[in-house]
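Undergrad: Got a structure for you, questions after.
The values are calculated or read from the model by the stated rules, or taken from the named source; none is laboratory data. Not measured: the values here are computed from a predicted model. Areas reflect the complete protein model, heavy atoms only, side chains present, ligands, DNA and RNA absent. Shrake-Rupley method; radii C 1.70, N 1.55, O 1.52, S 1.80 Å.
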Amino acid sequence: MTITIYGIKSCSTMKKAFTKLDELGVSYDFHDYKKQGIDKETVQRWVEVLGIDKVLNKRGTTWRKLTDEQKQAAEDNVDNAIELLIENTSMIKRPIVEGQPDNKSTAQPILLCGFNEEAFDKVFS
């Protein structure tokens with residue numbers, strides 16, 4: 001199984017996800033989008049599958065620091081929201097776990113957003 005976990009290394013939720021994946025014996029690659037950035041195609045794919053409301057973290061300080069005009073533009077148009085996510089990666093909900101099970105012919109790709117211990121157990125156990 002090829003798994004990539006996307007997020008920010010110092011995030012407490014990320015630390016929970018790393019610990020859980022380690023406990024389950026899941027090997028993964030880590031993509032720190034704070035340091036490495038993130039491309040538009042990846043964010044668009046996440047938004048298409050999960051929805052903008054799931055991917056865009058409106059509870060964080062980065063969202064709260066935006067101007068009212070920026071917030072309104074993001075709420076009015078998903079393309080504007082995606083551009084904001086690329087520019088402000090801290091607004092992407094963490095972690096995002098993406099991967100392909102070894103049995104590619106019958107298994108669905110994995111795409112999880114946010115840390116939910118039960119979901120991790122179900123997908124990776």
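Undergrad: On average, how much accessible surface per residue is there in the chain, in Å², for a 1.4 Å probe, leaving out ligands, DNA and RNA?
TA: On a per-residue basis, 59 Å².
Undergrad: In sequence order, what are the phi-derived ³J(HN,Hα) couplings for segment 10-17 according to the Karplus relation 6.51 cos²θ - 1.76 cosθ + 1.60 with θ = phi - 60°, rounded to whole Hz, with x for glycine and proline?
TA: For segment 10-17, the Karplus curve yields 7, 5, 5, 5, 4, 4, 4, 5 Hz.
Undergrad: Another one. Test of understanding: express the Cα radius of gyration of segment 21-115 as a ratio to 2.2 N^0.38 Å, with N the residue count.
TA: Ratio of Rg to 2.2 N^0.38 Å for segment 21-115: 1.18.
Undergrad: Right, something else. Probe radius 1.4 Å, ligands and nucleic acids ignored: give me the carbon and sulfur share of the accessible area of the chain as a rounded percent.
TA: 44
Undergrad: Show that you can apply the helix-only estimate: for the chain, add -39,500 (n - 2.57) for every DSSP H stretch of four or more residues, divide by all residues, and state [θ] at 222 nm to the nearest 500.
TA: Calculated at 222 nm, the ellipticity per residue is -13500 deg cm²/dmol.
Undergrad: Hey, if we sort 18, 115 by accessible area with the 1.4 Å probe, largest down, what's the order? The partial results should precede the final answer.
TA: Numbers: 18 25, 115 60 Å².
The most accessible residue leads, giving 115, 18.
Undergrad: Could you work out which residue, out of 56, 85, 24, moves most in a Gaussian network model of the chain, that is, has the largest mean-square fluctuation with Cα springs under 10 Å?
TA: In this elastic network of the chain, the residue with the biggest mean-square fluctuation among 56, 85, 24 is 24.
Undergrad: For segment 50-125, compute the number of Lys pairs whose alpha carbons are separated by less than 21 Å, excluding pairs fewer than 8 positions apart on the same chain.
TA: For segment 50-125, the number of qualifying lysine pairs is 10.
Undergrad: So if I average 1/r over every pair of distinct C-alpha atoms in segment 5-57 and take the inverse, what Kirkwood radius in Å does that give?
TA: 12.3
Undergrad: At 1.4 Å probe size, with no ligands or nucleic acids counted, give the accessible surface of residue 2 in Å², nearest ten.
TA: Approximately 90 Å² for this residue.
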